[in-house]
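The values are calculated or read from the model by the stated rules, or taken from the named source; none is laboratory data. Just so it is clear, the structure is predicted and the values come from calculations on it, not from any experiment. Because the Cβ atoms are built from the backbone with ideal geometry, glycine has one as well, and the counts that use them run over all protein chains shown.
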Amino acid sequence: MKRNQSGFTLIEIAIVLVIIGLLLGGVLKGQELITQAKIKNIVNDFNSISVAVLGYQDRYKKFPGEDDTAKARWTTLPVNIATQGNGSLDTGAEQALFWQHLRLAGFITGDTTSTDNPANAIGGILLVQNSVPGIIGPAICSSGLPGKIAGAVDNQFDNGNTGTGSVVGFIGAGSTVPAASAPSAAYLDDANSIYLVCRSI
């Protein structure tokens, strides 16, 4: 008695492998599109905050957070800080008021009673800071950026070098740049390296 053995033909196996390859290619392409969208959002954050600051200065002739006339304009603000108006965004309170001033003036969206830093597309935060090594004057920073995104953002505005130009990068997931910190040696595209990227306003 002769038995017929069932199994897959080479053509059937080849078709399955092609389908698996197409699915994997689609997933990888989708991940790359998501990464590119995040890069674009971070770049847009830097641009929109810079435009908001220039708009605020044009309208009120003061720097947001440093505006010692804001209390008279918006009565919901806390009392003026002693250092406001000295030409330097130099306290944590002034840096928090920076965001509230921009919200109250309508240059950025959000709760006008809040001094919280806005979130970025990665889940980190945007912040403004003085005394960023390598940058003169106040800088806008974005925290929690993976190396690939941090390097791409730097390349969009500057030379891709972490320590030179108008954009500098610092390794670490922190939300502030310690005054003594030096910029990172290079952007590393690995699973562990997280950066704080700062750009001059």
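Take the conditions small (Gly, Ala, Ser), at pLDDT below 90, over 20 Å from the mean Cα position of the chain (by Cα) and outside any loop (DSSP other than H, G, I, E, B) and apply them to residue 82. Does it pass?
The answer is no for residue 82.
Which residue pairs have Cβ atoms under 7 Å apart, sit 6 or more places apart or on different chains, and have a first residue in segment 112-128 that is within 14 Å of residue 41 (Cβ to Cβ) and among the small types (Gly, Ala, Ser) and a second that is outside any strand (DSSP E or B) and at pLDDT 90 or above?
121/38; 121/41; 121/42
Can you tell me which of 67, 90 is part of a loop (DSSP other than H, G, I, E, B), under 21 Å from residue 196 (Cα atoms), charged (D, E, K, R) and modelled with pLDDT under 90?
When all the criteria are applied, what remains is 90.
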